[in-house]
Every structure is written in C-alpha cells, then in structure tokens.
1. When the residues of region 100-114 are narrowed to those that are within 9 Å of the ligand (Cβ to nearest atom) and not in a helix (DSSP H, G or I), which ends up farthest from residue 17 (Cα to Cα)?
2. Going by what's in this entry, would residue 17 be described as assigned to a loop (DSSP other than H, G, I, E, B), within 16 Å of the ligand (Cβ to nearest atom), on the phi > 0 side of the Ramachandran plot and of a type outside the set (Asp, Glu)?
3. Has region 89-98 got at least one residue that is among the small types (Gly, Ala, Ser) and either within 20 Å of residue 46 (Cβ to Cβ) or assigned to a strand (DSSP E or B) (or both)?
4. Scan region 54-91 residue by residue and report those that are touching a Pro at 6+ places or on another chain (Cβ under 8 Å) and closer than 18 Å to residue 112 by Cα.
5. Just to be sure I understand the filter: pairs with C-beta atoms under 9 Å, separated by 6 or more residues or on different chains, first member in region 25-48 and open to solvent by 60 Å² or more (accessible area, probe 1.4 Å), second member of a type in the set (S, T, N, Q). Which pairs pass?
6. Which pairs do you get when a residue that is over 10 Å from residue 77 (Cα atoms), found in region 1-23, comes within reach of a residue that is near the ligand (Cβ under 7 Å from one of its atoms), reach meaning Cβ atoms under 7 angstrom, with the pair 6+ apart or on two chains?
7. Quick check on my filter: what residues within region 15-24 are exposed (fewer than 14 other Cβ atoms within 10 Å of the Cβ) and of a type outside the set (A, V, I, L, M, F, W, C)?
8. I'm trying to understand the selection: among the residues of region 79-138, which are buried (at least 16 other Cβ atoms within 10 Å of the Cβ) and of a type in the set (Phe, Trp, Tyr)?
Amino acid sequence: MNDTILILNGPNLNLLGKRQPEIYGHETLGDVEALCRAEAEAFGLTVDFHQSNAEHQIIDWIHQYRVGSAGIVINPGAFTHTSIAILDALATCEVPIVECHISNVHKREAFRHHSYVSLAATAVLAGFGTHGYVLAVRHISHLRGLQGQV
Ligand code: CA2
C-alpha cells in the first residue's frame, strides 16, 4: 500500500483512443496504464489503475487509498466540473493528489474552466495529453524523494 499509487479515471475515459482522437489522442486507457506502470516501476512503486463511470465507485476507491498509499492521480472526467462529493472525498486524503486532464481544459468551453477537484489537489496537469499521467506518477515519486532508473 505504501508503495502504491492509485490512478483513477472517471466517466467515458474507457473510450480513450476510440473516439474524438483530435481532442484526446490515439492511445487507449490500456496504453496509459502500461506507461504509468513502467514509470512507477522505475521508481520502485506500483500502480493500481481503475476507471469507472459511477461517482460512488470513484469515491469508494479514494476512501481505500486516502491514508497510507503513495498518492492518488485522478482524471475525474466531467465529474471534475460537477462533483462536490468527489471533492469532499479527496479533502479527507492525507496523501498527495495530482489532478490530471488530457486536454487543456482552459482552452475549451467555459464550463470546463472550473474544477471542484482542484480545491483538494496538490498539483494540477492539463493539456499534456496522456503524457500528463506519466508526469503525475513521476511527481509523486519526486515528492517521496525517490531516485528513478529512467
Ligand atoms: O481532458 C480531460 O482529461 C478531461 O478530464 C476529459 C473529460 C472532460 O469532461 C473534461 O472536461 C476534461 C471527458 C472524458 C471523456 O473521455 C473520452 C475519451 C475519448 C473519447 C470520448 C470521451
């Protein structure tokens, strides 16, 4: 648990790489998981990687990792802009939280410019494409003072 990063993906991200590649790129969520695992491994960490379209499931995973894990990387999908419940769950966490968006939400519709989740996040990434997840894993490793084999 202490060496595990929880990586959470919210609604519709199961379609990554299969729809709207002009916004979200060609990599699938499986590709992203493999990249995150390789990055974490280089720092002696492991990854638990999940996706759900259900708000309650995301909250339950946050509860399981809120204390004692290496940290949480979360792309809450559209729940970013709507979910006080996910914000409240993240606000109980004692571990670093990196909010990660594939697209640059600030360049998109006005309703994507506000994030409830950012109020609880340690750091926020947007517009790095799927590489943002790798950067998030690396940042959590950095916060732990780990030297990587990369
Ligand atoms: O840029 C991001 O990562 C977002 O969190 C993605 C969310 C969107 O609601 C946020 O504003 C920004 C949408 C995720 C939908 O994922 C899809 C991926 C591929 C094809 C269709 C949907």
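The values are calculated or read from the model by the stated rules, or taken from the named source; none is laboratory data. Computed from a predicted structure; not experimentally measured. A quick note on method: Cβ atoms are made from the backbone with ideal geometry, for glycine too, and the neighbour counts reach across all protein chains shown. Only protein heavy atoms, including side chains, enter the accessible area calculation; ligands, DNA and RNA are left aside. Shrake-Rupley method; radii C 1.70, N 1.55, O 1.52, S 1.80 Å.
1. Only one residue fits best here, namely 109.
2. So residue 17 passes the test.
3. There is no residue in region 89-98 that is among the small types (Gly, Ala, Ser) and either within 20 Å of residue 46 (Cβ to Cβ) or assigned to a strand (DSSP E or B) (or both).
4. Residues satisfying the conditions are 77, 78, 79, 83, 86.
5. 27/130; 31/130; 35/130; 37/46; 41/149; 46/4
6. Once the first residue is over 10 Å from residue 77 (Cα atoms) and sits in region 1-23, its partners that are near the ligand (Cβ under 7 Å from one of its atoms) give 16/24; 23/103.
7. 18, 19, 20, 21, 22
8. 79, 116, 128, 133
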